[in-house]
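Quick note: the coordinates plus some simple rules give every number you see, no bench work behind them. Here the structure is a predicted model, which is why all the values come from computation and not from measurement. Cβ placement follows ideal geometry from the backbone for every residue including glycine, while neighbour counts extend to all protein chains displayed.
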Amino acid sequence: MKLNIHYYQHVNYEGLAHIQKWCDTRGYNLTRTNFKSEEPIPNPDLYDVLIVLGGPMSVHDESKYPWLIKEKKSIDRALNDGRKVIGICLGAQLLAEVLGSEVKQSKEKEVGWLNIKMSDEYKNHQHFDTFPKEFQTFHWHGEEFTLPHNSIRIASSDTCENQIFLYGDIAAGFQCHPEQTEYSISRMLDRAGDYLKPGKYVQTREEIIREIHHAHLNNNLLSDFLDSFLKLE
């Protein structure tokens, strides 16, 4: 089946990254709403899958970014219409809030290559069959969310309890960034500003670049997940 995938982009330097390559190699159709450019939000009838990407804003910044209100409503509609939804970083926070969770400031900001541990539940879900019990993945966030009702916690980190969650077989949220490639991370670092201000779980630019080889494993794991999760009958 040739999937029609729509994605929400919030800033130009946080795009699909590896997901673009994954879609291209499988011949899937891609369309986009770039909120920075005020592009329109399509009716869910026009796509099979919605991917919500990251960004520097908060889910609570509706007064500064009024389009967040429409975006949240559109995510809710996509879920109600039976579309599969995947959220990454800010996208996961938006998805979690739509599902009734609280999004709040993290006790510690996570930036760089940090360890996550899979829960005891993860092996019960075929979408994560190839994921190791622990691995280094990329982080870039200062907020986090509580686990949505009726969701399953798939992975956690030392300072963030909900790194990956699964909501039935219709939605998944990744607080971490398995989609980021060596190139896309370099673009993020170029725009980091004071985001790399020292912290317990904040790596330096040099440390991030030194460990950037972890991107390859993460991209492969994400491809495996997408192939399984988006296998539509």
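Quick look at the values:
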{"item": "Among 148, 29, 94 the positive-end extreme of the charge dipole of the chain (Cβ point charges)", "result": "29"}
{"item": "Correct option for mean projected area of the Cα convex hull in nm² [calculated from the coordinates] among (i) 11.7; (ii) 15.5; (iii) 13.1", "result": "(i)"}
{"item": "Burial order of peptide ranges 15-26, 85-96 (average beta-carbon count within 10 Å, highest first)", "result": "85-96, 15-26"}
{"item": "Candidates per trypsin sites (Lys or Arg not before Pro) in the stretch 38-98, loop by DSSP, up to 12 other Cβ within 10 Å", "result": "64"}
{"item": "Set of lysines near residue 133 by C-alpha distance (under 29 Å), chain-local residues within fewer than 8 positions excluded", "result": "21, 84, 104, 107, 109, 117, 123, 200, 231"}
{"item": "Qualifying trypsin sites (Lys or Arg not before Pro) in the stretch 181-211, DSSP loop, other Cβ atoms within 10 Å at most 11", "result": "200"}
{"item": "Which of 204, 146, 181 has the fewest Cβ neighbours within 10 Å, and the rest in rising order", "result": "204, 146, 181"}
{"item": "Low-density loop positions, GluC sites (Glu not before Pro), the stretch 1-77 - DSSP coil, at most 12 other Cβ in 10 Å", "result": "38"}
{"item": "Charge tally in the Cβ shell below 11 Å around residue 229, where Lys, Arg are +1 and Asp, Glu are -1, residue 229 excluded", "result": "-1"}
{"item": "Beta bridges per DSSP with both ends in the chain, % antiparallel, nearest 5", "result": "50"}
{"item": "For 125, 10, 216, 149, order by how many other beta-carbon atoms lie within 10 Å, fewest first", "result": "149, 216, 125, 10"}
{"item": "Spin-label proximity, residue 191 to the stretch 1-33 - amide N less than 20 Å from point 7 Å beyond Cα toward beta carbon", "result": "7-21, 31-33"}
